[in-house]
1. Being touching a strand residue (DSSP E or B) at 6+ places or on another chain (Cβ under 9 Å), outside the structural domain of residue 175 (by TED's automatic domain parsing) and surrounded by fewer than 13 Cβ atoms within 10 Å (Cβ to Cβ): is that true of residue 61 here?
2. Determine whether residue 33 is modelled with pLDDT under 80, surrounded by 10 or more Cβ atoms within 10 Å (Cβ to Cβ) and outside any loop (DSSP other than H, G, I, E, B).
3. Go through (1) surrounded by fewer than 20 Cβ atoms within 10 Å (Cβ to Cβ); (2) part of a helix (DSSP H, G or I) and name the single condition residue 194 misses.
4. Count, please, the residues in the stretch 138-151 that happen to be within 31 Å of the chain's Cα centre (by Cα) and at pLDDT 90 or above.
5. Can we say residue 78 is outside the structural domain of residue 176 (by TED's automatic domain parsing), outside any helix (DSSP H, G or I) and modelled with pLDDT under 90?
C-alpha cells in the first residue's frame, strides 16, 4: 500500500497527464469492435437501450413465437385511401349513385386541378368539352362515348361517376391505379361543369360516321380487286 502511494507521489504532473491520456485512448479502442451488431462497452446501457426483439426472430411473448405481427383487422396504412365500400356490381353502381358524395370542397383550386387531370386522362376520348369527340374517336379507332351534356349523362350522379372511374364501365377501363381518390373527385368536379353545357355532339366525319365511312371505303376496294383478278 505504501509502495503504491509513493509511486503516485513520485509521478510528475506531466507524467500523470500522459498516463491519463494513454489510459483513455486504450479504453476507447477497447470499447470499439468490428461487429455492427455490437455497440461495444456502454455505461449503464439498460437506462436507454431497450431489449427489443429483432424482426423475424423468435419471441416467447406470443403463442406462435413470432415477433412479426399482422396488423389489426381493418387497419389502414398511413397515406392510403379508405377502402371503397361499393362492390363491382350493378347493385353497387346504383347504391353509389344514391349514397356517395364528393367530400372535397368545390373551390377554384380543386376545379383547376380537375381540369388539368381531365386534360391528361380523359380528353383523348371525351373531347375538350366532354362531347365524346376526342382524338382517338376522330381517328376512327373507337366509337364515341356519350356526351356529358347529352340526355344519357347530363343528370348522372357524382357517386356513379366515381364508381365508373374506379372500376371502369363498358369500353372505359378502370383508372384506380392511375388516379388517387382525391384526384378522381377533382376530375368529377370538373366533369359536372361539362354536364351543364347542354346538347349532344353532332355526328360528323370526326366521330362515329367517320368510322363507318372508313369501313365502307375498304369494302368496295376489296371487291374491285377480286373482280380484276377474275378478269385477268
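1. Judged against the criteria, residue 61 is not a match.
2. Details: modelled with pLDDT under 80: yes; surrounded by 10 or more Cβ atoms within 10 Å (Cβ to Cβ): yes; outside any loop (DSSP other than H, G, I, E, B): no.
No.
3. (1)
4. Here the count works out to 7.
5. So residue 78 passes the test.
The values are calculated or read from the model by the stated rules, or taken from the named source; none is laboratory data. Note that the coordinates shown come from a computational prediction; the quantities given were computed from them, not determined experimentally. Heads up, the Cβs are rebuilt from the backbone with ideal geometry, glycines too, and the neighbour counts pull from every protein chain shown.
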